[in-house]
Amino acid sequence: MSQLLEACPFCASQQLKIVQGLLSQRVVCKLCSAQGSRETDALKAVNSWNRISRELRQARRIETRQMVREIGGLRN
């Protein structure tokens, strides 16, 4: 598959696999067992996994910035 999988948004592992079910496929992390959404084909499963991974990483960055600001405000 030419599309690369983003790292697991929960454990940052690159140990990912695409699991095929009877009527669906999904990405699964081999390390922490996180699972992507069930999709009709592998490309959709990869795209869904990558989108969720990016969104979760972005949310964590925003959360971290907010905590740093709050800690900085406590020091003043």
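Points worth noting:
- Sequence ranges 31-42, 57-68, ranked by mean other-Cβ count within 10 angstrom, highest first: 31-42, 57-68
- When the Cα positions of VAL46, LEU22, ILE62 are compared along the charge dipole of the chain, ILE62 comes out farthest toward the positive end, with charges on each C-beta of Lys, Arg, Asp and Glu.
- When the alpha carbon coordinates of the chain are projected onto the principal axes, the ranges are 58, 21, 20 Å, largest first.
- Around LYS17: net Lys/Arg minus Asp/Glu count, Cβ-Cβ under 12 Å: +2
- Efficiency of FRET between GLN58 and GLN20 - r from beta-carbon atoms, R0 25 angstrom, step 0.05: 0.25
Quick note: the coordinates plus some simple rules give every number you see, no bench work behind them. Fair warning: this is a prediction, and the values are worked out from it, not measured in the lab. Backbone-built Cβ (ideal geometry, glycine too); neighbour counts: all protein chains shown.
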